[in-house]
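All remarks here apply to the structure that follows.
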Amino acid sequence: MDYSIRLLSGREEADILRNFLSKFPLDYPDYFSWLDRCRPELESGQKKAYYAYRSDSGIVGSIIFQVHKQQSHILEVKNLRVAQEFRGNGIGSVLEFMAEHYGRESGLKEIQADTHVDNREAISFLVKMGYYVLGRQCLYTNSREEMVLSKPL
C-alpha cells in the first residue's frame, strides 16, 4: 500500500481533513459541530493530527489528539479513522504509533482513547496496540457508555 503520513499543517489541510471526517460520524452527538470547533484548534496547534494520504485517493485515515485538559501527563486521542476500504493495511497502527511518538517526545506518560462500548472493532484494535481497559463511562450522553482505554508511554 503506497501512502504517506503527514502532520497536519494549515487551514487548507484542516478543511480537507474535515471533509474526510464528515463521512464518519459513527453516532456521536453533535459530531459535525465538533468538527467545526476542531478546525481552529488544529490550526492553532491546540489539537494535532496526523493523516495518511494516497495520491490517488486523498486522505484515507487520520488521528487527532491533544494533551488532556485536566491531566497534563496524558495524551488524549480525540478521533481515529481509517476509511473502510483501506483497513487491514496497517494505516491505523502507523497513525496510532505516530501519536504515541509525539506523546513520548513531549514527555507525556500515558495515552488514552475512548469508543462506544459496542464498537468491538475499535476496542480490539486498541487492545492489540497495547491499551488496557480503564472502565466504562458515559462521556457524550447519559444514555450511552464509552469504553475508556489507556496505555503507558
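The values are calculated or read from the model by the stated rules, or taken from the named source; none is laboratory data. A quick note: this is a predicted structure, and the numbers were derived from the prediction, not measured. Note: ideal-geometry Cβ built from the backbone for every residue, glycine included; neighbour counts use all protein chains shown. Please note that ligands, DNA and RNA were not included when accessible areas were found on the heavy atoms of the full protein model with its side chains. Shrake-Rupley method; radii C 1.70, N 1.55, O 1.52, S 1.80 Å.
Values for this structure:
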| read-out | value |
| --- | --- |
| Long-range amide H partners of Val67 with built H, under 5 Å | Glu76 |
| Among [x] 0.97; [y] 0.93; [z] 1.07, the entry derived from the coordinates for Rg/Rh (Cα atoms, Kirkwood Rh) | [y] |
| Accessible area per residue, Å², the chain with all protein chains present, probe 1.4 Å | 54 Å² |
| Region 55-108 and region 1-52: distance between their alpha carbon centers, rounded to Å | 11 Å |
| Area of His73 that stays accessible when all protein chains are in place (1.4 Å probe, Å², to 10) | 80 Å² |
| Highest average packing first - 14-22, 29-37, Cβ atoms within 10 Å | 14-22, 29-37 |
| Sequence-distant lysines (8 or more away, or on other chains) whose Cα lies within less than 20 Å of Lys128 | Lys78, Lys109, Lys151 |
| Accessible-area composition of the chain, carbon plus sulfur, in percent [1.4 Å probe] | 47 percent |
